[in-house]
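The values are calculated or read from the model by the stated rules, or taken from the named source; none is laboratory data. Predicted, not measured: the structure shown is a model, and the values here were computed from it. No Cβ is skipped: glycine too gets one built from the backbone with ideal geometry, and neighbour counts run over all protein chains shown. Side chains are part of the model used for accessible areas, which takes the heavy atoms of the whole protein and leaves out ligands, DNA and RNA. Shrake-Rupley method; radii C 1.70, N 1.55, O 1.52, S 1.80 Å.
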Amino acid sequence: MKAIVYTKYGPPDVLQLKEVEKPIPKDDEVLIEVHAASVNAYDWHLLTADIFLVRLMGGGLLKPKNTIPGIDIAGRVETVGRNVKQFRPGDEVFGDISASSNGGFAEYVSVPESALVLKPGNLSFEEAAAVPMAAVTALKGLRDQGRIQPGQKVLINGASGGVGTFAVQIAKSFGAEVTAVCSTRNLDMARSLGADHVIDYTQEDFTQNGQQYDLILAVNGYHPIAAYKRALTPKGIYVMAGGSTAQIFQAMLLGPGLSITGDKKMGGVSGKPNQKDLAFMKVLLEAGKVVPVIDRRYPLSETAEALRYLGEGHARGKVVITVAHNNG
Ligand SMILES: NC(=O)c1ccc[n+]([C@@H]2O[C@H](COP(=O)([O-])OP(=O)(O)OC[C@H]3O[C@@H](n4cnc5c(N)ncnc54)[C@H](OP(=O)(O)O)[C@@H]3O)[C@@H](O)[C@H]2O)c1
């Protein structure tokens, strides 16, 4: 089968399209004919090892541990291992396979059934592949760490990328009053996703305008953690999903300390991918409450280009890889 392979960390040029062995599913695994995948910041970090921690956290110290990247997939079940109970050949599925060995940028991948959920019937493979990691990150941040409630004032900083476009829609589905922070060119898109208010970060600093929010999800950009705290209502919650390295480290290192005094809570998104959260998203997707936003599509052979584009940091929604099969 064809797959995108890399054997050393580096820029997207280290990715090569190669002919490799088709995987054989273990007893608890499902072999999937991949029809689409999507690229995530996660893939970028594992490609470039730009944050050294990636190597220590299981990416491989000197070279990548998993040589076929790709963690968000959608496809059709080809065969199942003997202990697989939930899926049959022919089922259309989607999932975040980062808890197993990656390998989604390929014609086939074999993964534990626990990583998969039946694809929403109203979504194409490409739309479904756009969902898992970004949407579940937004869901966990808003619902689990953020304890979102109807009527709350919720601000999404970095509302126009992969995680942010899902976050705006998920927050609306929980009945929140949503403020989306993005740049000028993305204001209309944020409104079309349901944002009640938009703030152009090139014109206005939301941490300086005196407004306060019950929940802030920080997805992109950077503000000092003390500035986020100032923008919270007295019992407000700040959840960091991503952004600049400084933003990530401040939330991890200073968040717990800043949460001790007073009622404000400051922390980060946590939790592993799981079927339950993806099944929750499937319901929202099938109800049309959440619609994946796809910026660009690339064929498997141009995965390096897709990652290069993502790495520029200005994707509008998700970047998707399409995987063609000769069987139609
Ligand atoms: N914790 C987790 O489990 C988890 C999971 C997935 C992702 N993440 C993290 O979440 C972050 C975002 O991921 P993503 O997939 O949404 O990335 P992405 O799709 O690459 O984000 C691109 C978007 O960010 C916007 N942006 C850039 N600079 C900004 C700024 N200063 N303020 C506001 N928006 C800005 C861009 O808009 P403009 O072009 O208009 O600037 C663009 O639309 C990453 O740091 C990633 O590592 C965490």
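Given a 1.4 angstrom probe, I'd like the percentage of the accessible area of region 123-235 that is carbon and sulfur, rounded to a whole number. Write out the running numbers ahead of the final one.
On the way: 2020 of 4160 Å².
Here it works out to 49 percent.
Treating only the Cβ atoms of Lys and Arg (+1) and Asp and Glu (-1) as charged, compute the dipole magnitude of region 182-300 about its Cα centre; round to the nearest 20 debye. Working shown, then result.
Details: 13 positive and 10 negative charges, 75 e Å.
The calculated dipole for region 182-300 is roughly 360 debye.
Relative contact order (percent) for the chain, with alpha-carbon contacts under 8 angstrom and 6 or more residues of separation?
19 percent
Of Gly70, Gln169, Leu123, which is farthest towards the positive pole of region 62-169's charge dipole, taken about the Cα centre with +1 and -1 on the beta-carbons of Lys, Arg and Asp, Glu respectively?
Gln169
Give me, ordered by chain and number, the residues 5 or more places off Ile199 or on other chains with an amide H under 5 Å from its own placed amide H.
Long-range HN contacts for Ile199: Ala180, Val181, Cys182.
Assuming a ≥ b ≥ c are the square roots of the Cα gyration tensor eigenvalues, decide whether region 20-161 counts as rounded (a/c under 1.5), prolate (otherwise, with a/b larger than b/c) or oblate.
Oblate.
Of Val154, Val111, Ser38, which is farthest along the charge dipole of the chain in the positive direction, counting Lys and Arg as +1 and Asp and Glu as -1 at C-beta?
Farthest along the dipole direction, towards plus: Val154.
What list of ³J(HN,Hα) couplings, whole Hz, do you get for region 15-28 from phi and the Karplus terms 6.51, -1.76, 1.60, once you set θ to phi - 60° and write x for glycine and proline?
7, 10, 7, 9, 8, 10, 5, 6, x, 10, x, 6, 4, 9
Report the charge-dipole magnitude of the chain in Debye, nearest 20, computed about the Cα centre from +1 at each Lys and Arg Cβ and -1 at each Asp and Glu Cβ.
Details: 34 positive and 33 negative charges, 142 e Å.
In debye, rounded to 20, the chain gives about 680.
Show me, for region 262-273, the HN-Hα J-couplings you get by feeding each phi into the Karplus relation (A = 6.51, B = -1.76, C = 1.60, θ = phi - 60°), rounded to Hz, glycine and proline as x.
Karplus values, whole Hz, x for Gly and Pro: x, 9, 6, 10, 10, x, x, 5, 9, x, 8, x.
Is there a quick way to get the dipole size of region 155-206? I mean about its Cα centre, with the Cβ of Lys and Arg at +1 and of Asp and Glu at -1; what is the value in debye to the nearest 20? Please list the in-between numbers first.
Values: 3 positive and 6 negative charges, 44 e Å.
It works out to roughly 220 debye.
Within a Cβ distance under 14 Å of Arg316, other residues only, what is the Lys/Arg minus Asp/Glu net charge? Please list the in-between numbers first.
Details: positive: Arg185, Arg191, Arg296, Arg297, Lys318; negative: Asp188, Asp295, Glu312.
Result for the neighbourhood of Arg316: +2.
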